[in-house]
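Bear in mind that the values in this text are calculations on the coordinates, not laboratory data. Computed from a predicted structure; not experimentally measured. Cβ sites come from the backbone with ideal geometry, for glycine too, and all protein chains shown count toward neighbours.
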Number of protein chains: 2
Amino acid sequence: MSRGLLLVISGPSGAGKGTVCDAYKKNCENHIWNSVSMTTRAPRAGEVEGESYYFVSREEFKAMIENDEFLEYAEVYGNYYGTPRAEVEKKLSEGTDVILEIDIQGALNVQENTTEGIFIFILPPSMNELRNRIIGRGSETPESLLTRFKSAYNEINYVNKYNYAITNHTVEQAYQDLICIVRAEKCRVTRVSNEILTLKEEKL
Amino acid sequence: MSRGLLLVISGPSGAGKGTVCDAYKKNCENHIWNSVSMTTRAPRAGEVEGESYYFVSREEFKAMIENDEFLEYAEVYGNYYGTPRAEVEKKLSEGTDVILEIDIQGALNVQENTTEGIFIFILPPSMNELRNRIIGRGSETPESLLTRFKSAYNEINYVNKYNYAITNHTVEQAYQDLICIVRAEKCRVTRVSNEILTLKEEKL
């Protein structure tokens with residue numbers, strides 16, 4: 001059985017990364033596993049252990065850091081967030097694709113900590129559209145809007161660290177691009193070596 | 001405008017390369033240009049200049065070899081066959097994808113003569129099926145059948161020189177794989193750099 005693909009998906013705020021990933025996951029259902037992050041922050045109302053996050057103490061988290069048990073982790077406003085390595089590895093070795101929807105710094109950390117991973121960046125169709133989408137969320141003050149927009153603008157510089165860039169003109173087109181990237185990656189010669197071996201060993 | 005993709009497609013006899021390429025070309029119509037080979041052999045009944053082949057004299061062909069005007073060429077049973085570089089280059093620079101359906105030796109020559117090219121190998125689902133397909137053509141003597149089969153068997157060793165391998169279980173699945181490979185390759189960060197530049201330069 002072929003090893004699953006590790007899909008690492010990032011993009012600036014407002015590019016629509018979440019919507020594209022949701023459409024993709026809905027389409028794939030059992031063939032994809034959505035990695036669940038671990039955090040030391042307290043659960044919020046409605047958050048479910050093992051779905052929203054794995055909630056652990058600072059001590060537990062730090063012990064896991066010591067044991068190199070994270071694919072990536074970061075401390076944000078005093079709370080730790082990270083992706084535990086073991087469960088991702090288990091799914092990949094079972095042949096299940098894993099999707100990691102993660103910020104850019106996290107993605108770069110994953111790059112440093114594994115030799116695998118298909119790094120996909122979601123781009124907005126235009127900066128104007130990006131601004132409209134951030135405004136459309138309606139939850140921003142003019143100041144925070146400007147901050148988010150500037151940050152998104154800078155984040156686009158990191159696209160060169162990725163393998164693929166999907167421009168999110170429409171969700172339908174963007175998640176179809178994602179489906180094709182996965183299907184194409186499964187045709188890479190390096191990934192079908194088992195099939196080729198079977199072919200060569202076939203008794204006639 | 002983005003440069004077209006150079007798709008180099010090979011596979012052993014009986015794997016169904018021709019059928020897969022035809023299905024793909026039919027689906028893409030204007031978006032793909034099928035490279036036409038040049039040869040020094042005489043036209044056969046029904047062959048059309050510029051469609052089947054470009055027919056030229058040995059002198060013309062040799063002069064073009066001298067001028068490095070071929071992406072690849074070979075001499076087979078005293079006749080030259082080759083892919084003229086100029087027309088392929090023209091189509092690629094116009095943004096049209098080019099499909100080169102070519103034998104393995106030709107594909108390896110293309111690899112040596114360009115820095116681009118997406119190399120795709122069409123595999124049979126099994127060696128048994130490959131044998132059935134060769135027999136199914138009905139045009140082989142038992143001896144030539146054995147020769148073709150042994151040759152196909154050896155050719156599979158070259159798959160490691162390619163970027164992608166498509167197993168031709170059904171034509172429908174195989175050409176959909178090909179469509180996805182092309183769509184994914186168009187999302188490669190190295191190929192969308194113009195779009196990213198436009199995004200970064202956008203005045204707001």
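Computed extension gain for A:PHE55 through A:SER2, at 0.36 nm per residue and net of the alpha carbon distance, reaches 15.9 nm. Any chance you could check the Cα centroid distance between region B:120-174 and region A:23-97 for me, in angstrom? A separation of 45 Å, based on Cα centres.
Annotation: amide H of B:TYR80 within the under-5 Å range of B:THR40, B:ARG41, sequence separation 5 or more or interchain, hydrogens built in the peptide plane. Taking amide H as placed 1.01 Å from N in the peptide plane, B:LEU71 has its amide H under 5 Å from the amide H of B:THR83, B:ARG85, each at least 5 places away in sequence or on another chain. Angle check, please: helix B:142-155 long axis (alpha carbons) against the longest principal axis of chain B (alpha carbons), in degrees 0 to 90, nearest 10. Tilt of helix B:142-155: around 30 degrees.
Comparing A:PRO124, A:PRO84, A:PRO142 in a Gaussian network model of chain A (Cα springs below 10 Å), the most mobile by mean-square fluctuation is A:PRO142. The mean number of Cβ atoms from other chains found within 10 Å of a Cβ in peptide B:152-164 is 3, as a whole number.
What the Cβ-Cβ distance of A:GLU75 and B:THR198 gives, at R0 = 56 Å and to the nearest 0.05, is a FRET efficiency of 0.95. Going from the residue with the fewest nearby Cβ atoms within 10 Å to the one with the most, A:ASP97, B:ASP68 rank B:ASP68, A:ASP97.
Axis angle, to the nearest 10 degrees, between helix B:104-113 and the longest C-alpha principal axis of chain B: 30 degrees.
Taking Cα atoms only, the orientation of helix A:17-28 departs from the longest principal axis of chain A by about 30 degrees. Check A:TRP33: other-chain or 5+ apart residues with amide H under 5 Å from its amide H, H built from backbone geometry? Distant-sequence amide H within range of A:TRP33: A:ASP97, A:VAL98, A:ILE99. Loop-resident trypsin sites (Lys or Arg not before Pro) (DSSP state other than H, G, I, E or B) in region A:93-161 with no more than 12 further Cβ atoms inside 10 Å of their Cβ: A:ARG137.
Measuring from each cysteine beta-carbon in the protein assembly as shown, the ones with no other cysteine beta-carbon under 4.7 angstrom are A:CYS21, A:CYS28, A:CYS187, B:CYS21, B:CYS28, B:CYS187. By other beta-carbon atoms within 10 Å, ranking B:THR141, B:THR40, A:THR83, A:THR19 with the fewest at the front produces B:THR141, A:THR19, B:THR40, A:THR83.
Within region A:9-80, the GluC sites (Glu not before Pro) that combine a DSSP coil assignment with at most 10 other C-beta atoms in a 10 angstrom radius are A:GLU51.
Could you list A:VAL20, A:VAL76 in order of exposure, starting from the residue whose Cβ has the fewest other Cβ atoms within 10 Å?
Ascending Cβ contact count within 10 Å gives the list A:VAL76, A:VAL20.
With label points defined 7 Å past Cα in the direction of Cβ, position A:ARG183 shows copy-to-copy spacings of 0.6 nm, given to one decimal and shortest first. Beta bridges from DSSP with both residues in region A:31-99: antiparallel share about 55 percent, rounded to the nearest 5. Label-to-label distances for B:THR170 across copies, nearest first, come out at 2.7 nm, using points 7 Å from Cα in the beta-carbon direction. Helical content of the protein assembly as shown, expressed as a calculated mean residue ellipticity at 222 nm, amounts to -13500 deg cm²/dmol (DSSP H runs of 4 or more residues, -39,500 (n - 2.57) each, divided by residue number, nearest 500). Seen from B:GLU66, the other residues with C-beta closer than 13 Å to its C-beta sum to a net charge of -2, counting Lys and Arg as +1 and Asp and Glu as -1.
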